[in-house]
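Below: one structure, written as structure tokens.
The values are calculated or read from the model by the stated rules, or taken from the named source; none is laboratory data. Predicted model, so just to flag it, every value in this text is computed and none were measured. Please note: Cβ atoms are built from the backbone with ideal geometry, for glycine as well, and neighbour counts cover all protein chains shown.
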Amino acid sequence: MSVETLFALTACVLVGIGLYGLIAQPHPLRKLIAFNIMGSGVFVLFGALAKRGAAAGLPADPVPQALLITAIVVAFAATAVTVALLLRLIESTGSASLAEPPAQD
Amino acid sequence: MSAIDLWTSTDGGALLAAAVLLPFVGMLLGLLLGGRWLQRVAFVLMPLGLGLALAIAMDWFDAEGPLVYLLGGWSPPLGIALRADGASVAMMLAVAGVVCGIGAFARADFGLAPGAAESRAAFTYWLLLLAVWGALNLVFVSGDLFTLYVALELLTFAGVPLVCLAGSGETLRAALRYMLFALCGSVLYLLGAVLLYGGYGTLDMPMLADALQPEPIAMAALALMTAGLLAKTALFPLHIWLPPAHGGAPAAASAVLSALVIKGSWFLVLRLWLDVMPGVASAQAAQLLAGLGAAAIVVGSVVALRQQRLKLLVAYSTVAQIGYLFLLFPLAFDAAGDMALREMAATAGVLQAIAHATAKAGMFMAAGLVYARLGHDRVDELAGAARALPLAVAAFLIGGLALMGVVPSGAYLAKKLLLASADESGQWWWSWVLQGGAAFTAGYVVLIALRVFARPAAPLADLKPVSLLSQWAALGLAVASLLLSLAAVWGPLPGELLAKAFSLEELGTMGLLFGVGALLAAALARRPLLGNSGGGAVRPGFAGLGTVFEAGDRLVRQWASAMLALLLVAGACGWLLTRA
């Protein structure tokens, strides 16, 4: 198995774990971690693609790495904002539940 | 495409960079100078930004093709290009106009009177308003898919805190749900973009458009990106976060969220399907998008008619109107399945988006004003509101009329273009959906009109004062939506589109739509439309139907079902793309 295939398979596994967590885990913090795992899968895939897309004479295509670092920063910012929201939610309601209270009809 | 050079800066291209930077410069200045200065900066920037958008529109009018600006003079694929075509220019102009209107409205709620103490909510509001504006401008002019990813994330990060400005537990929960679901959408979008880079080695949109082949990697990418963007746009059944978020935020923030924020991701779906991947997109997959749109119209409208609070009614009306925005996709294809009617569909889509942005901003503001004046916004207790608050009620009703497509509103022209396209391509079923959507909209206009003009049992007491400027801002935006097609015809669209606007046939259709709408409202409203009794044996049946729709809506807005729906939409879209 080539290194690229290994990377691609790892990416698939990570995206799969992340998706499962996003669907099945009720706690928002676990959902957030699942989002990060899924995001990492996408980043690993992007890294592996850099090898495949290598242009004239370079060992690898540098563009994905530049884009990757931006995507990681964006994901980090998203995580920070979400944690801040979650903390405020717990502070204000005493629970981290995302379920809507029953409709008041 | 090759006739026009898309990889050299044009005259006026630098204005595009300025339009993106201006709001962000305002944010930084506000952060440096502090709360009291931020709103002054914002009020200076709003007319400046509007002027800038006008200047861009003039330059675009004079130029033969799109405006282009290469950042730092670097050419794609290594560099990043900003480009503006007709759709981007129209959207930028509309957003600048709506931001000015919302800013004028928000002055009463979030403006600081001299001597008043600074508040965190006010400071945050102006920062976020500017951020939404800058991010949207970036969405409209970005030339490559990765810059678009960053722009969409900026838009989400600016939109989410707007939901929970009030800081209550309920709004925080709505904001968190919005954030998490939008993040799922962005991962799917990013995955699609990564696949495209892997397949074609560039993310520049015109370069991709030239290189793309209808092969599995492009189809998978399009399906993933579309599903991700639908989650951010909140197309049914992915509207998990929209009603609590738009219904719970302060009126000035709801107007931003409903009128502007969702248009960013919708615009990108339009770009992807019609500009970047016309060779990959297929008529069958487009039927899926419009089918979800039709479902959104029915469910959103029925649930809207069942709402007890005016603001939630407007929020569910947004769910329905988002569906309307997706009806254009199959109508870009002709009967043979080629994308021959692209121009007509894209024009109709942009018109509808602008019509909704202006009208819905006005309607949310009006709902907020009603709440402020009466101290509540319960639909069943609005009797006398028309006398207590004539300008805001007028804004609400005019906005509703504009949305249902009364001549000469923008929605009228959009519907006309789409109907013509449905005729030409033989897709008669979408004509029914288009007219049905208008009838549903007429339904809640009739419902609210009857409620606000009803005579109150006792004279309304304890009315709070509301700002006159806010009322005029709401009315101004609603009237802008009503007159939009005049502006469009005065601008780039041919004048004969409005030639038969006042013919007997058009007026007859309009009357029929009102009639059907009134029947729908009478059948589905929580309380009989006129008086306190009536309806006989028919109403309980319809009320039962309404309850079923409400239960269905609650079910699809569960987290797990929404996530599964997201994956299903991506899968179905991909499967339909491969069948072309």
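Restricting to region B:134-150, name every residue that is over 23 Å from B:T8 (Cβ atoms), surrounded by 24 or more Cβ atoms within 10 Å (Cβ to Cβ) and within 14 Å of another protein chain (Cβ to nearest Cβ). Those that are over 23 Å from B:T8 (Cβ atoms), surrounded by 24 or more Cβ atoms within 10 Å (Cβ to Cβ) and within 14 Å of another protein chain (Cβ to nearest Cβ): B:A135, B:Y149. Residues considered: B:L6, B:L16, B:L67. Of these, the only one that is closer than 27 Å to B:P278 by Cα, in contact with an Asp or Glu (Cβ under 7 Å, 6 or more places away or on another chain) and surrounded by 20 or more Cβ atoms within 10 Å (Cβ to Cβ) is B:L67. Scanning region B:178-224 for residues that are touching a residue at least 60 places away in the same chain (Cβ under 8 Å) and either in a helix (DSSP H, G or I) or under 30 Å from A:L98 (Cα atoms) (or both) yields a total of 18.
Residues checked against (1) within 27 Å of B:I354 (Cβ to Cβ); (2) polar (S, T, N, Q); (3) assigned to a loop (DSSP other than H, G, I, E, B):
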| position | (1), (2), (3) |
| --- | --- |
| B:A457 | no, no, yes |
| B:A488 | yes, no, no |
| B:A501 | yes, no, yes |
| B:V516 | yes, no, no |
| B:A522 | no, no, no |
| B:R527 | no, no, yes |
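Restricting attention to region A:2-19, and to residues there that are of a type outside the set (A, V, I, L, M) and surrounded by 14 or more Cβ atoms within 10 Å (Cβ to Cβ), which single residue is farthest from the chain's Cα centre (by Cα)? So, considering only residues that are of a type outside the set (A, V, I, L, M) and surrounded by 14 or more Cβ atoms within 10 Å (Cβ to Cβ), the one farthest from the chain's Cα centre (by Cα) is A:E4. State whether one or more residues within region B:119-130 are under 30 Å from B:T8 (Cβ atoms), more than 10 Å from chain A (Cβ to nearest Cβ), under 20 Å from the mean Cα position of the chain (by Cα) and not in a loop (DSSP other than H, G, I, E, B). No, every residue in region B:119-130 fails to be under 30 Å from B:T8 (Cβ atoms), more than 10 Å from chain A (Cβ to nearest Cβ), under 20 Å from the mean Cα position of the chain (by Cα) and not in a loop (DSSP other than H, G, I, E, B). Just so you know, in region B:136-168 the residues that are free of Cβ contacts under 8 Å to residues at least 60 places away in the same chain and part of a helix (DSSP H, G or I) include one that is farthest from B:W241 (Cα to Cα), and it is B:F146.
Would you be able to say whether some residue in region B:31-40 is under 17 Å from B:L128 (Cβ atoms), in a loop (DSSP other than H, G, I, E, B) and modelled with pLDDT under 90? Yes - at least one qualifying residue is present in region B:31-40. Every listed requirement among (1) away from chain A (no Cβ under 14 Å); (2) modelled with pLDDT under 90 is met by B:M91 save one, (2).
Every condition in (1) over 30 Å from B:A286 (Cα atoms); (2) within 14 Å of another protein chain (Cβ to nearest Cβ); (3) buried (at least 16 other Cβ atoms within 10 Å of the Cβ) holds for B:R526 except the one numbered (3). How about region B:330-349: which of its residues are under 16 Å from the mean Cα position of the chain (by Cα) and surrounded by 24 or more Cβ atoms within 10 Å (Cβ to Cβ)? Residues satisfying the conditions are B:A348, B:G349.
Could you tell me whether B:V280 is out of contact with any Gly (no Cβ under 9 Å at 6 or more places or on another chain) and part of a loop (DSSP other than H, G, I, E, B)? Here the answer is yes, as B:V280 does meet what is asked.
When the residues of region B:537-551 are filtered to those that are over 20 Å from B:I297 (Cβ atoms) and assigned to a helix (DSSP H, G or I), which remaining residue is modelled with the highest pLDDT? Across region B:537-551, the extreme among qualifying residues is B:G544.
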